[in-house]
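The values are calculated or read from the model by the stated rules, or taken from the named source; none is laboratory data. Quick caveat: nothing in here was measured; it's all calculated off a predicted structure. Cβ: placed from backbone, ideal geometry, glycine included. Neighbour counts: every protein chain shown. Protein only, heavy atoms only, side chains kept; ligands, DNA and RNA dropped before computing areas. Shrake-Rupley method; radii C 1.70, N 1.55, O 1.52, S 1.80 Å.
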Amino acid sequence: MSTMSRILGSAALVAMLPLTAMAGKSDDTVRIALSKDLDSADIYFSSARESTVFGYSVFDALVERDLKTGEWVGNLAESYEWVDDLTLEFKLRQGVKFHNGEDFDADDVVFTFNHFSDPATGVAMPNTVNWIGSAEKIDQYTVRVHLKAPFPAALDYVESALQIYPDQYYQEVGPQGFAQKPVGTGPYAVASIDPGRGYTLKAFDGYHEAGPRGKAHIGTVEVRSIPDVNTQIADLFSGAVDFMWQVPEDQAQRIAQRGGYTVTQAPTVRFGYLSLDAAGRTGTKPFTDIRVRQAVNHAIDRVAIRDAFFAPTSEIINSICNPVQFGCEQDVTTYDYDPEKAKALLAEAGYSDGFSVDFYAYRDRQAAEAMAQMLEEVGIRTNLTFLQYSALAEKVLKDEIPMSFMTWGSGSIADVSASTSKFFDGSAIDDVRNPELTALLRTGDTTTDPEVRKENYSKALKLIADEAYWVPLWTYTSNYVMASDLDFEPTPDEFVRFFDMSWK
Amino acid sequence: MLRYLLGRLGMAALVALTVSVISFGLIYMAGDPAVALAGENATPEIIAQIRAQHGYDRPIAVQYLDWLAHALRGDFGVSPYFKIEVATLIADRLRITMTLGVLGISFALLVGVPMGVLAAMRPNSMIDRAALFIAVVGQAIPSFWFGLILIVLFAVNLGWLPASGADSWKGFVLPTIVLGYYATPAIMRLTRTGMIEVLGSDYIRTARAKGVPPRKILFKHALRNAVIPVVSLAAVQMGFMLGGSIVTESVFALHGAGYLAWQSISRNDLPTMQALILIFSLFYIIFTFLADALNAWLDPRLRD
């Protein structure tokens, strides 16, 4: 239904609509439409981006990355220090209060770190906290976090996955009570939550202004879940919604052509790739031959597909990572679009008549079909199957995917340890199983010196490109559509920061 | 009569049990809920951990019997996504779906029956043709498209009604029309057929000959008899509406039980899915049973 509905719907909407913007500036309320809903306001028990976005405004983390300079700055912590490879020390900000009046101090930090890294708590995304050994209170405003093993990307997780909860209140009301009435130190306090439908936030008067975020500019934020993007657009045009994100490219372009609204394209950490079973773990032989893998790389015209189906700001990539990520070397062997060369390589490998292979995908059907056709042209006959993401992930675990078109969001972590290192880790689902590659990535993941990390990642990514293990495709961008009097600059991590929004 | 009803009731219970067994099996075959729960960046170890935590690693028969034992006591478990009791969750969402269902079927009856009567009074006239046209369009037009057209017209161009949400009664107007319109054609056509048949029958001719006013013939003598099958059709349609408002609910962002079903399917939320399937099939079974009972009461020949 969705493709049909999008084509018919957007054509009708954009053709018939008058311009009637009457945004929420007059009552200082920004109304936001999300396609999915907030599944749990106790954000440690949700793996959805919607809960991370909610968490960014309601809670604070100890540190955050200054998106302009790329440097770490203190938020709830005034400063941090690597005491050694296994110890992080945070000096906490004083005089900070939670929304319910509770004072913020080391006890809150120690509780949050220890409680949610305990496997018995069962958080939704254990990989974001399982590097923590323990947290220790040194004095009322000093905390030390002990790591299980050296983990240079630790601060990325301190920012995105370890929002600080009030220890007394949380233990008093428990997870279910907290999910109904969450309390944080963030720029916005929760006014109401209607599970599955939406929530309302009010700017927190007592917010610690000295921090890097500053007070929220807009008084009230109303978030509603509107699943159908056409309905979102109708609400935008009738003035019931001021802000929508992840708007499909075709609709965003039509809205931009009409004018009257701000349409912004922002890069994201997500990127696309073709996985090939280079180790032969599924019993499919052809991809174990480097010449076949090179042929696949030469057969796909990535630029043409990008131009046809994605935003012009989508970037063609040379490595299996996003260039915004730390360590994502792009200066590696590349493979031009050259179908003749692909045919010659296939013939050389003994497949002059080509071969047949199962090809799986879960999104961007048109791009997947275009790739299937390009492969067909050089003699690789694909049996393209579309599955839900979870069904596809399950088949990966069962060694049933010889070739797939996938994308990876890295949990918005701007570090190669969250992307490339996860694919080629030597585990059961590693398509390559090259011990040299796994060792290089592991060194990069566990060394604290940034230069040494870069060097190892660079070697690893050059090796992947030389061997043509997989096919790097493109990065994804996200479209934001806003009422024209709303001012907001999207960030690559897609953690929509409500407190950065303001009226023009 | 009692024996007939008890027989139908027994059948209904068996159907409900069969539905729950089949749906449990199908859901299980559709995908591993642990993989869906774990999200994108999960490792095989984490998935295994989640599987054990929720008991998805037990044999399917054990899982089913465990579920059934709890379900019979009204305990449908906790949704792994919303972290609240499935029963609470569904009860909350059903309010919207029920409201929508009642409004939808009322709309269909209020529009369908008069249109059917009008069409039957003058078969093959312009009125009949117009009614037929409206019926064909109602069957052919996809709900999401019809919903969008109404949104464009009433929410955006005229600004009379909201495009989405259930904050006030206004939010229900457009969804009611969309949902009700889909059921209108069948009711209209059945009324028309029934009326034409009855109007041509002997006792109507007798009534006319006696000089009974036409209005009285139409409403007192003809409609009463013609509408019997329509009542049972409406009951079945109501069952359809309660389980089938998924598209309407998502177009108008109503967040009722239909939309919840769609969400839980796309997330492999097993306990919610299972409970919803059971409840939807129960609705259907109950309304079909009511229709049967009603028919048996109205028409003694069916009781044997």
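Things to note:
- Elements of type helices (runs of 4 or more DSSP H) in the stretch A:305-419, at least 3 residues being touching a residue at least 40 places away in the same chain (Cβ under 8 Å): A:339-348, A:365-378
- Residues in the stretch A:420-446 that are part of a loop (DSSP other than H, G, I, E, B) and farther than 23 Å from A:Val269 by Cα: A:Gly426, A:Ser427, A:Ala428, A:Val432, A:Arg433, A:Asn434.
- Test: A:Val145 is touching a residue at least 12 places away in the same chain (Cβ under 8 Å), of a type in the set (A, V, I, L, M) and in contact with a Ser or Thr (Cβ under 9 Å, 6 or more places away or on another chain): yes
- Residues in the stretch A:41-53 that are of a type outside the set (Ser, Thr, Tyr), within 14 Å of chain B (Cβ to nearest Cβ) and open to solvent by less than 20 Å² (accessible area, probe 1.4 Å): 3 in all.
- Flag if B:Arg224 is surrounded by 16 or more Cβ atoms within 10 Å (Cβ to Cβ), outside any loop (DSSP other than H, G, I, E, B) and more than 14 Å from chain A (Cβ to nearest Cβ): no
- Subset of the stretch A:291-304 [among the β-branched types (Val, Ile, Thr) and part of a helix (DSSP H, G or I)]: A:Val292, A:Val296, A:Val303
- Among the residues of the stretch B:83-134, those identified as among the hydroxyl-bearing types (Ser, Thr, Tyr) and either part of a helix (DSSP H, G or I) or closer than 18 Å to B:Ala183 by Cα (or both) are B:Thr88, B:Thr97, B:Thr99, B:Ser106.
- Filtered residue count, the stretch A:433-453, keeping only those that are out of contact with any helix residue (DSSP H, G or I) (no Cβ under 8 Å at 6 or more places or on another chain), of a type outside the set (S, T, N, Q) and in contact (Cβ under 8 Å) with a residue 12 or more places away in the chain: 2
- Among the candidates B:Leu89, B:Leu118, B:Leu103, residue that is open to solvent by 60 Å² or more (accessible area, probe 1.4 Å), among the hydrophobic types (A, V, I, L, M, F, W, C), touching a residue at least 12 places away in the same chain (Cβ under 8 Å) and in contact with a Phe, Trp or Tyr (Cβ under 8 Å, 6 or more places away or on another chain): B:Leu103
Quick grid of which residues meet (1) among the β-branched types (Val, Ile, Thr); (2) within 14 Å of another protein chain (Cβ to nearest Cβ):
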{"residue": "A:Arg31", "(1), (2)": "no, yes"}
{"residue": "A:Asp39", "(1), (2)": "no, yes"}
{"residue": "A:Tyr56", "(1), (2)": "no, no"}
{"residue": "A:Phe59", "(1), (2)": "no, no"}
{"residue": "A:Thr69", "(1), (2)": "yes, no"}
{"residue": "A:Glu78", "(1), (2)": "no, no"}
{"residue": "A:Ala106", "(1), (2)": "no, no"}
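- Filter result (surrounded by fewer than 18 Cβ atoms within 10 Å (Cβ to Cβ) and either at the interface with chain A (Cβ under 9 Å from one of its Cβ atoms) or among the acidic types (Asp, Glu) (or both)) within the stretch B:150-168: B:Leu153, B:Asn157, B:Gly159, B:Asp167
- When residues of the stretch A:189-214 are limited to those that are open to solvent by 10 Å² or more (accessible area, probe 1.4 Å) and within 11 Å of chain B (Cβ to nearest Cβ), the one modelled with the highest pLDDT: A:Gly198
- Per the listing B:Ser264, B:Ser245, B:Ser281, the residue uniquely among the polar types (S, T, N, Q), open to solvent by less than 30 Å² (accessible area, probe 1.4 Å), in contact with a helix residue (DSSP H, G or I) (Cβ under 6 Å, 6 or more places away or on another chain) and more than 14 Å from every other protein chain (Cβ to nearest Cβ) is B:Ser281.
- The stretch A:215-231: number of residues that are open to solvent by 10 Å² or more (accessible area, probe 1.4 Å) and under 11 Å from A:Arg31 (Cα atoms): 3
- Scope the stretch A:372-405; condition within 30 Å of A:Glu50 (Cβ to Cβ) and at pLDDT 95 or above; matching residues: A:Ser404, A:Phe405
- Residue match in the stretch A:333-343 (condition: of a type in the set (Val, Ile, Thr), open to solvent by less than 50 Å² (accessible area, probe 1.4 Å) and at pLDDT 95 or above): no
- Residue within the stretch A:275-294 that is open to solvent by less than 30 Å² (accessible area, probe 1.4 Å), charged (D, E, K, R) and within 14 Å of chain B (Cβ to nearest Cβ) present: no
- When residues in the stretch B:143-161 are screened for being within 16 Å of B:Ile177 (Cα to Cα), in contact with a Ser or Thr (Cβ under 8 Å, 6 or more places away or on another chain) and free of Cβ contacts under 8 Å to residues at least 40 places away in the same chain, 2 of them pass.
- Scanning the stretch B:119-129 for residues that are closer than 15 Å to B:Ala186 by Cα and more than 27 Å from the chain's Cα centre (by Cα) gives B:Ala120, B:Asp128.
- For A:Ile138, the stated conditions do not hold, so it cannot be described as hydrophobic (A, V, I, L, M, F, W, C), surrounded by fewer than 22 Cβ atoms within 10 Å (Cβ to Cβ) and within 13 Å of chain B (Cβ to nearest Cβ).
- With respect to the conditions (1) within 14 Å of another protein chain (Cβ to nearest Cβ); (2) outside any helix (DSSP H, G or I); (3) exposed (fewer than 15 other Cβ atoms within 10 Å of the Cβ), A:Asn100 lacks only one, and its number is (1).
- Checking each residue in the stretch B:14-67 for being free of Cβ contacts under 8 Å to residues at least 40 places away in the same chain, closer than 30 Å to A:Val269 by Cα and outside any helix (DSSP H, G or I) picks out B:Gly39, B:Glu40, B:Asn41, B:Ala42, B:Thr43.
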